[in-house]
Every structure is written in C-alpha cells, then in structure tokens.
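The values are calculated or read from the model by the stated rules, or taken from the named source; none is laboratory data. Please read these numbers as outputs of a predicted model, since none were measured by experiment. Here Cβ is always computed from backbone atoms with ideal geometry, including for glycine, and neighbour counts include all displayed protein chains.
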Amino acid sequence: MASAPYKLSCVLYGHTLDVRSIAVSQEGYIVSGSRDKTAKIWKPNGINAGYTEVQTLLGHTNFVSCVCVLPPDSQFPKGLILTGSNDSNIRMFAVDSPQPIAVLKGHKNVVCSLSSGVINGTVVSSSWDSTAMTWKTDGGKLLQTFSGHQMAVWSAIQLASGDVVTGSADKSIKIWLPDGICQKTLTGHTDCVRGLTATSANEFLSVANDATVKHWNATKGTCLATFYGHSNYIYCVSVFPQGGAECFVTSGEDRTVRVWQGGEVEQTVTLPAQSVWTVACLANGDIVTGSSDGVIRVFSCDVNRQADSELLQQFEEQVASTGVNAEQELGGVKVSDLPGKEVLSSPGIKDGQTKLIREGSDVHCYSWSAADGKWEKVGDVVGASGGSQSTSGKVLYNGKEYDYVFSVDIEDGKPPLKLPYNSDEDPWFAAQKFIHENNLSQLFLDQVANFIVNNSKKIPTASASTSTSSYCDPFTGGSRYIPGNETARGNGPAPTGLDPFTGSSSYKTPQAAACPSKPYFPQKTYVRFDQANLKIILEKLTEFNRRTGDGNHKVDEIFLEGVVKLGNLGEPANLVHVQILKQLLEWPQDILFPVLDVTRLAVRNEEVNQELCSGETGNQMFSYLQKFLVPGSSSTNQMLTLRILSNMLAHPSGEQLVLNHRDYILSALSALAAPFNKHMQVAIATLLLNLAVTLEKVKNKGSRSHSVQVTAALLPLLSDAEAQFRTLVTLGTLLWEAEDSETQLQLIGLVTTTSDVLDVLNKLVHTEINSNVDQAVQKVSQCAVQIVGLIQK
C-alpha cells in the first residue's frame, strides 16, 4: 500500500464512448471495454510510464460491458481475454488476434460481469437475465447455471474455496456451491449490489448503489464491517496486491476514486467525468480507471511514474472546470455542507422526516417512511427563483416551487396527500398526474380536477369540457376516463359513434330493436391501440433517463426524440433508434412504462415490427415480455404488454410471433389476478379479440377451445362496458367461425358449463334499454342477445 499520494501517471485515448470495464494481467497490460462496442489491449511502451494500444478486439454488436483476463495455461500459453456485451454474448480472444476464437452463448440478456474461476481455464459470468454461469474456456462448455436472484446479477466471482458469490440488483448477495446449490442469501445493502472482489479464500468485499462498502465472511454468512466514504453509487471495487480487506480502491458516480486503508478513505482522487465506471489495481500498485468520458487514466504513487507538471496542471484544470462550485447555495444552505448518501443508512426519527442529501453535483430530498422502514427519494432540489423560499413568492414542495400545494383528504384515518399545482397547468392534467403518483382510482379524476379549479380560482380549459376525445393519458396514451362518458379510453369508438370493428353505427336509439340487424361478429380485422401523446412520453423518457445514473440504462438524450418518433404510424424506421429502444427496454421495471408505451406504438410500423418480432430476436422479445404477464408484476406494465401484443399483430412478423405463443398468452391471461382497472379490462378484451381473429387463420381446434374457455372465464370478471363488448364479440367470433357444427356444439358446451357466464349473459340481455342507458351499455346488451341466440339456436 502506498504511503505517498496518488497522482496522474498517464492518459490513454482510443475509445469513443464510456469505458465500462478494465482488467489487468499479471504481465502488466491493460484490457478495456467500451460502449463503442470494442475492447482494446494496452501494453507498457517501455519508454516511459505510458501505454500503447496494441490491439482492438472486434465482433460485438452492442456495448462491451465487461472484460476479463485469464492467466496462461498449457493450451493458451499467452493467456486469454474474454469480453461480455449487451448483445448477450461472451467472446473469447487470444492476446495476439483481433478476431474471437470462440463465442460463448447462454445468457439471454446483457452480460454484466466476467471474472476468472478458481480452476485454470474457467470463467464466471453474470447477466441481466438474473443468472450467473461458470464456463470452461476449452471448447466453451457451460459448466453450471446459478439461478435464484429476482433481478439482474451485476457481479459474480469465485472464491478460492470454490464457492461462487453473486451480487444482484435485488439488493442481495448469494453464496453458491460450485454445483449450483444456494447455501446462503446475504442481506444488508439497501440498493443494487454492483461489484464484488475476493479478499481471502472465504471473505470478500461488496459495493452498492447505497454508497457503502461491506466486508463479508462467506462461510459464516456475516457482515464483518461496513465502510462509508462515497456520496453516490459505488460501481467497482478492486484489491491491491496483497492488500486484502485492508487496502483496496473503489470508484463511483460521485466522480471519484477512493483509496482505502484499514476501513478509512486515505485519499480521494476526483476525475473530470461524472461516472467512474471501473477501477483496477496493477501489480506495481498503480490504479487504472475507466470513465464516462471515454478516457482511461492511470494513477501512481511512485513519483518516477507520475506525469510531468504540465500534464498534472492540465488534469487539475479539467477537474476544476467540471467540478461543482463548493460555495453554491440552495435555499440559503451551502451545498458543500450537505451530507452524502451514507447518512441514509441510519433510520429516521419519525415518519415523514426529510433530509437533503448531496449526490455528486445534485441535491435530492429524502423522506423517512416508518411503514417501510427506509428513506424514500421524493424529489430533486432546485434553487428558488427569488433566492430562497421566503423571497420567491411560491411554495416549496419536495425541492420544487409551486403556486399551490393542496392537502387532499382521500381516506378517513390517513394523513392527507399533497397535491402541488402551478397556475399555468391544465387542472385535469395535474389531477391525472396526482392520481397516477398516488395509485388512486380514475373515478377521482373529476373530483380532484374540480377541487383544483375551485381552490386555485382557475378557469377550466378546453379539456374540462364535455369534449374529451383529444385528451390522452400522460402515462399510457389512453384517453382519460370520465364516469358516464362513452368509452373514452384506449382504442374506443370515435366521437362519430362508428363501431371500431364494423365501421357502422355502434349505437342505436332507444327506439331501435333490441338486437341490430347486422351481427357484431364474426370479427375479421385486428383492433389496435393508436392513441398517444408522444410529447408526454418523450418528457417521461427524458426524466427517467436522467435519473438512472447507470450507463447500461442511460442513453444519449439526442436519441430519445428519434426513439419516440418510431411511434408515429408510417414513420420510416431508423434502425439506430430501434437499437436504442432495445436498450431502453433494459430499464428497471418501475420506470419502464414509457418505454413499453413507445414499443406499443412502434410495432405498428412494419420495419420496426420485423426488427423486433422476427427470428431469434422475436423469441427474445417475447421472453422479455413474459415477465410482465406473471401475477404480481406491475399492473401498468401488464396492461402495456397486452397492448404491445395486440399491436404486434399489425404485420406478419409480429402476427407469427403471437401465433407461435398463442397458448402461453391465453394461459397467462387466465392467470391474471382480478380485480382489473378499466384500462386493464380493455387491454385484456382487445387481445382476446385479436387472438380470435388470428385463430381464424390457423384453424386450430385445440387453440380455439382454449380461447373459448379463457374468454368465458374472464367475461364475469369484467365490468367496463367496452371491455364486455369486445369480449362478447370475441366469444361470438370463436363460436361462429367453428369449422363444423359438431365443433361449434363442443365450443358452446364449454361456454354453458363455465361458472357464472350464463348469469352474466342473462343479466346483460335483460338490461332495460331506454334513453337513460349509456349507449355503450346498449351495445353490450345487443351483442349479448346475439350470443344467447347463437348458443340456443
């Protein structure tokens, strides 16, 4: 361990995007992996302390996310280099060749980490697909898969004892036997575990997004110590030669590399880049970093290997020009005086207690939740226009200024919810946002909006009138629901009253016959979800993209507008933007909904549909969507996934993909947990209807029977009129299009023996038709009459 401070030794330029991973060899060369899809080998130039790029490793079709160097053995006397990528593949290179000698395939998503195994010629990998794997490099044989984490496995290592250790975005660490049996699950980190490194045969260090370093004993499953020093996410940890748990180095999102001695930060090195993604220790004690500016930097404590005064001065100037003004004030408080994120490791004193936290160049507000026992981020803190809260003339809430912050009582016995509002906002838009953020029923929409109008003396805008067809839900793209209105959601009837399926008038006057002369079924064409507010979607994507703090998640903002334009029907597809969309689909599930909404719109375009839905890519896409179709996943993500599958059917590639998985989709629909909100009901009903249209093309009796059973079982669970109507049309189409009378009788038998469905049909048939009945309800009743007539004929 160094006694003198580390200073810049040299700077290596060559990559054009973030350097995500660094590995070093016993011989002293450096391997780097970058978002520019390449890895590079750098060797000491032998003249001074600098390095020369000697090889660029090619072949990946997406970001190189991790690299690893394996020591020489009898088969590979110069050792091996392995690279992992967002393209889900691992490539294996000889040191002296730019082309891979093998490609290891097994992971289904981004390869997050690579490390050398205990036995020569083995490697450990981890992935966004929630697994880790061990491989034999001789022949690329997969030795073992470790499955058990609930989210991405960011890091995996093998200890000298043979145990495999994995750290995950689910905040846990698992200890595994080499044969894949999980021995222990270690908890203690309060956010994603990002990096691991061994310190002895059965001990290791872990770092996480909670800004802490933890020292663990794998045999006992105990945390030996927790170290604090960073003020933001820690991405990487590396141990000095013979340093163990006493001497190591870390890097993170706070622009720093920190050198640790005995559990304390001995030195902090600030870099002129926001994210220091990776750090590694060379055998000579030097430190190598890779960062978001695409530059590799080497630091040394040996004065003989430190840069000359001119380069050191240039480096200091770069750091200063990108640094945060230490004297900056925010609401009368010095930013430099605010604590880092490490203080959030201590519990709050009371529910609702808030703390301002400095994270890199930003200040955030956290609130203590006594119910959940954790600090929750409630917003970003920005300066007040008047210099402070007292002089700005506005109310400060969660670090932002508003003209009003209302207290809204939603439920007796619970504290009121805060509703921030600015006078230039549409009250209905603000109300919709408030409902989504607090998981409230859509039935509150008008009540909340009118509350805003009455209390802010705001004159209602056009969206408050009865003409609501132009209003789009800011999160899902669907029209807002007003109780008593027609459909006003999803892909409902146009304001003209034309039926979305036949094009004829959907609604009969009270004097019309109970059953229209033209049947509502069989349905022959697909129904799509077309409505959207692309401006709102772009705003949400931009907001979440800035929030991720992670290179595997974050993309350059200049691409976001192009990604959103993929949602314009008929827009020529830019394949670069399609690739960016694929990357955005890797976002955490809690912020994924605007990405799914863009995907829902984009698959209506044939080029995008083919790119996402054909061949092996299509199978990967469907496997990705499957995780949102299981019970317990976010209802919004579930609903948007159903919309994606419905819109996929617009073109042959998506149609074939859905057909290939039709029975799984039907089973997933039947397993969804009721009750469903109105948007979810319409999404379920639309997908059922589109599947019925699809099944007409394949004439598969088994799938038709399965579809009838699922449709009949779901009908009693639906209360929304438009969802009921689409489900009835589905049922009528399936029965009407039966191959022969015998098959039709069998299908009718499935309906009549399904619990509660006859009661529902009977209730719908006997709905009294008069001038006070909603037109959508009339349509449902008329269709139910047709279904009963078909069953009884």
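Going through ALA721, ALA683 one at a time, which residue ends up being of a type in the set (A, V, I, L, M) and within 32 Å of the chain's Cα centre (by Cα)? Lay out the reasoning, then the answer.
Numbers: ALA721 fails: within 32 Å of the chain's Cα centre (by Cα).
Criteria check complete, one pass: ALA683.
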Inset, instruction - Pairs only if they're at least six apart or on different chains, beta carbon under 8 angstrom, first in segment 614-642 and on the phi < 0 side of the Ramachandran plot, second aromatic (Phe, Trp, Tyr) and assigned to a helix (DSSP H, G or I); list them, first residue then second. - result: GLN626/TYR664; SER634/PHE593; THR636/PHE593; ASN637/PHE593; LEU640/PHE593
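Please give the strands (runs of 3 or more DSSP E) falling wholly within segment 117-197 in which 1 or more residues are touching a residue at least 40 places away in the same chain (Cβ under 8 Å). Write out each step before concluding.
Values: elements: 122-127, 131-136, 141-147, 153-158, 164-168, 173-176, 182-186.
Qualifying strands (runs of 3 or more DSSP E): 122-127, 131-136, 153-158, 164-168, 173-176.
Of SER113, SER130, SER85, SER125, which residue is touching a Cys at 6+ places or on another chain (Cβ under 6 Å) and modelled with pLDDT of 90 or more?
Numbers: SER130 fails: touching a Cys at 6+ places or on another chain (Cβ under 6 Å); SER85 fails: touching a Cys at 6+ places or on another chain (Cβ under 6 Å); SER125 fails: touching a Cys at 6+ places or on another chain (Cβ under 6 Å).
Unique residue meeting the criteria: SER113.
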Legend entry - Every residue from segment 1-54 that is in a strand (DSSP E or B) and either among the aromatic types (Phe, Trp, Tyr) or free of Cβ contacts under 8 Å to residues at least 12 places away in the same chain (or both): TRP42, TYR51, THR52
Legend entry - Hey, THR145 surrounded by 24 or more Cβ atoms within 10 Å (Cβ to Cβ), modelled with pLDDT of 95 or more and among the hydroxyl-bearing types (Ser, Thr, Tyr) or not: no
Inset, instruction - Given the conditions (1) out of contact with any Gly (no Cβ under 9 Å at 6 or more places or on another chain); (2) assigned to a helix (DSSP H, G or I), report the number of the one that GLU722 does not fulfil. - result: (1)
Inset, instruction - Output the number of residues of segment 563-575 satisfying the condition of being closer than 17 Å to ILE536 by Cβ and either surrounded by fewer than 19 Cβ atoms within 10 Å (Cβ to Cβ) or among the charged types (D, E, K, R) (or both). - result: 2
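Only residues that are touching a Phe, Trp or Tyr at 6+ places or on another chain (Cβ under 7 Å) and modelled with pLDDT under 80: list them for segment 719-756, please.
Here is the first cut: in segment 719-756, the residues touching a Phe, Trp or Tyr at 6+ places or on another chain (Cβ under 7 Å) are 729, 732-733, 736.
Residues satisfying the conditions do not exist here.
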Inset, instruction - For segment 757-773, indicate whether the set of residues that are touching a Phe, Trp or Tyr at 6+ places or on another chain (Cβ under 7 Å) and either modelled with pLDDT under 90 or β-branched (Val, Ile, Thr) (or both) is non-empty. - result: no
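Going by the conditions given, is SER707 outside the structural domain of GLN656 (by TED's automatic domain parsing), of a type outside the set (Phe, Trp, Tyr), within 38 Å of the chain's Cα centre (by Cα) and assigned to a helix (DSSP H, G or I)?
yes
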Inset, instruction - All but one of (1) modelled with pLDDT of 75 or more; (2) of a type outside the set (Lys, Arg); (3) outside any loop (DSSP other than H, G, I, E, B) hold for PRO347, so report the exception by its number. - result: (3)
Inset, instruction - Kindly provide the set of residues from segment 290-310 that are more than 28 Å from the chain's Cα centre (by Cα) and surrounded by 15 or more Cβ atoms within 10 Å (Cβ to Cβ), ordered by number. - result: ILE296, ARG297, VAL298, PHE299, SER300, CYS301, ASP302, ARG305, GLN306, ALA307
Inset, instruction - Filter segment 36-55 down to the residues that are closer than 12 Å to VAL11 by Cα and surrounded by 19 or more Cβ atoms within 10 Å (Cβ to Cβ), then identify the one that is farthest from the chain's Cα centre (by Cα). - result: TYR51
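Please note which strands (runs of 3 or more DSSP E) are completely contained in segment 230-289 and include at least 2 residues that are surrounded by 24 or more Cβ atoms within 10 Å (Cβ to Cβ) and of a type in the set (Gly, Ala, Ser). Even if it seems obvious, please write down each step before you answer.
Working: elements: 234-239, 247-252, 256-261, 264-270, 276-281.
Of the strands (runs of 3 or more DSSP E) lying wholly inside segment 230-289, those with at least 2 residues that are surrounded by 24 or more Cβ atoms within 10 Å (Cβ to Cβ) and of a type in the set (Gly, Ala, Ser) span 247-252.
Criterion first (more than 13 Å from TYR235 (Cβ to Cβ) and either crowded, with 19+ Cβ neighbours inside 10 Å or among the basic types (Lys, Arg) (or both)) does LEU205 satisfy it? Let's see the steps before the verdict.
On the way: more than 13 Å from TYR235 (Cβ to Cβ): yes; either crowded, with 19+ Cβ neighbours inside 10 Å or among the basic types (Lys, Arg) (or both): yes.
In short, yes.
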Inset, instruction - Quick one: count up the residues across segment 669-693 that are of a type outside the set (A, V, I, L, M) and surrounded by fewer than 19 Cβ atoms within 10 Å (Cβ to Cβ). - result: 3
Inset, instruction - Scan segment 95-116 residue by residue and report those that are outside any loop (DSSP other than H, G, I, E, B) and buried (at least 18 other Cβ atoms within 10 Å of the Cβ). - result: LEU104, VAL111, CYS112, SER113, LEU114, SER115, SER116
Legend entry - Every residue from segment 633-668 that is buried (at least 19 other Cβ atoms within 10 Å of the Cβ), hydrophobic (A, V, I, L, M, F, W, C) and part of a loop (DSSP other than H, G, I, E, B): LEU649
